[in-house]
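Presented below is the structure to which this report refers.
The values are calculated or read from the model by the stated rules, or taken from the named source; none is laboratory data. Source: prediction; values computed, not measured. Neighbour counts run over all protein chains shown; Cβ positions are idealised from the backbone, glycine included. The accessibility values were calculated without ligands, DNA or RNA, using every heavy atom of the protein model including side chains. Shrake-Rupley method; radii C 1.70, N 1.55, O 1.52, S 1.80 Å.
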Amino acid sequence: MYVADDKRYDSMQYRRSGRSGIQLPAVSLGLWHNFGGVDNFENSRAMLRHAFDLGITHFDLANNYGPPYGSAEETFGQILKKDFLPYRDELIISTKAGWDMWPGPYGNLGSRKNLLASLDQSLKRMGLEYVDIFYHHRPDPDTPMEESLGAIDTAVRSGRALYAGISAYNAKQTAEAVKILRDLGTPCLIHQPKYSMFVRDPEQGLLDVLEKEGVGAIVFSPLAQGLLSDRYLKGIPSDSRAARDFFLKKKDIGEDRLAKVRALNEIAAQRGQTLAEMAVAWVLRDPRVTSALVGTSKVSQVDDNVAALKNLKFSAEELHKIDGVLAGRQAA
Ligand SMILES: NC(=O)c1ccc[n+]([C@@H]2O[C@H](COP(=O)([O-])OP(=O)(O)OC[C@H]3O[C@@H](n4cnc5c(N)ncnc54)[C@H](OP(=O)(O)O)[C@@H]3O)[C@@H](O)[C@H]2O)c1
């Protein structure tokens, strides 16, 4: 029987999500990859247990994580039943709907029909009565925002979710969504944007909106799917995400990219960090970021990503050097 480490809250740092009552671990674990029906169950289980032992209280899912779609929620449900039921009230579990999930016009995007049916399916797969956060996974330009966010509000009011979240909405859409949710009486707890040294769009207004509105930011793919680590410095390992050539494409790991990764790796070494650690620390340098939402394929990566928290401070000179590398000014 799994017994969680009784020191699990000793060293993890927690940050408040906007102006809410919820604190999230500075590093959260996402189940997009490596928790599907095709993956090794015991490895998935070991990563979740280890994460929780280190104080990672937040696990992030979505309806279609797998493969196959839905299977990460099934895996999570099985592990929850075996290991985590005594700890349910110590966990923040999220899921999402809005990307393709089942065939036909109701299994995708932002209709009330899709979002509420999907949430019911997710709860069943995970064996949960409620999730802590239910997200609209992406904006849907063809559905009125009032309808999508009204469905999230219903999810919360009906007790199937405790908090509302949005993902991938741009700054303008976010300002609008936050207002709609507030008017409905279900404030937006959190936004989930993509953010890393390689993808800096949230700096163009989104983080400002979130700060002003008191909404948290949990940023996904802070390692740029593994590129911002030492994983690809000597080629493409056969067990890596890029080897699958689907979400992370081999063609995106060209010499230009690798030159930047090598230069960043050197800066990380000067800071006494691995590049993965520095990538996590870099997103967390901004106090508007509530949590870095990482993925992992092995237990050792959980350790490495949490080790980032030992050094979150960057000197102005280090930040300048990093910006220079990213801009291609000093990529060596
Ligand atoms: N809202 C959205 O639209 C959206 C979209 C994407 C993701 N997400 C969420 O964000 C989570 C994280 O996304 P992500 O998996 O792309 O994040 P990521 O942390 O940028 O990338 C994770 C991958 O990086 C590699 N890695 C992780 N730690 C490492 C380390 N210490 N050293 C070397 N390599 C390391 C592993 O790749 P290998 O497998 O190659 O070892 C791992 O699978 C997802 O699980 C999901 O919950 C949300």
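In the context of the full protein assembly, Lys113 retains an accessible surface of approximately 120 Å², using a probe radius of 1.4 Å and ignoring ligands and nucleic acids.
Heavy-atom accessible surface of the chain, averaged per residue, reaches 44 Å², computed with a 1.4 Å probe.
With the charge dipole of the chain set up from +1 on Lys and Arg Cβ and -1 on Asp and Glu Cβ about the Cα centre, the Cα lying farthest toward the positive end among the listed residues Leu181, Gly226, Ile79 is that of Gly226.
Couplings for the stretch 250-255, taken from phi via the Karplus curve 6.51 cos²θ - 1.76 cosθ + 1.60 with θ = phi - 60°, read 4, 5, 7, 10, x, 4 Hz in order; Gly and Pro are left as x. Between amide H atoms placed 1.01 Å from N, distances below 5 Å from Ala217 occur with Gly18, His191, Thr290, Ser291, all of them 5 or more places distant or on a separate chain.
When the solvent-accessible area of the stretch 208-332 is split by element, carbon and sulfur atoms take up 51 percent of it, the probe being 1.4 Å.
Surface calculation, 1.4 Å probe, protein heavy atoms: Trp99 sits at approximately 110 Å² accessible. Ligands, DNA and RNA left out, the accessible area of the stretch 21-105 computed with a 1.4 Å probe is 55% carbon and sulfur. Here the Gaussian network model covers the chain, with springs between Cα atoms less than 10 Å apart; of Gln204, Gln225, Gln78, Gln204 fluctuates the most. Overall, the stretch 70-114 carries a charge dipole of about 200 debye about its Cα centre when +1 sits on the Cβ of Lys and Arg and -1 on the Cβ of Asp and Glu, all other atoms neutral.
For the chain, a Gaussian network of Cα nodes joined below 10 Å ranks Ile93, Ile152, Ile218 by mean-square fluctuation, and the top entry is Ile93.
Taking only the Cα atoms of the stretch 1-142, the ratio Rg/Rh comes out at 0.98, with Rh defined as the Kirkwood radius. Within the chain, the proportion of C-alpha pairs whose separation exceeds 29 Å stands at 36%.
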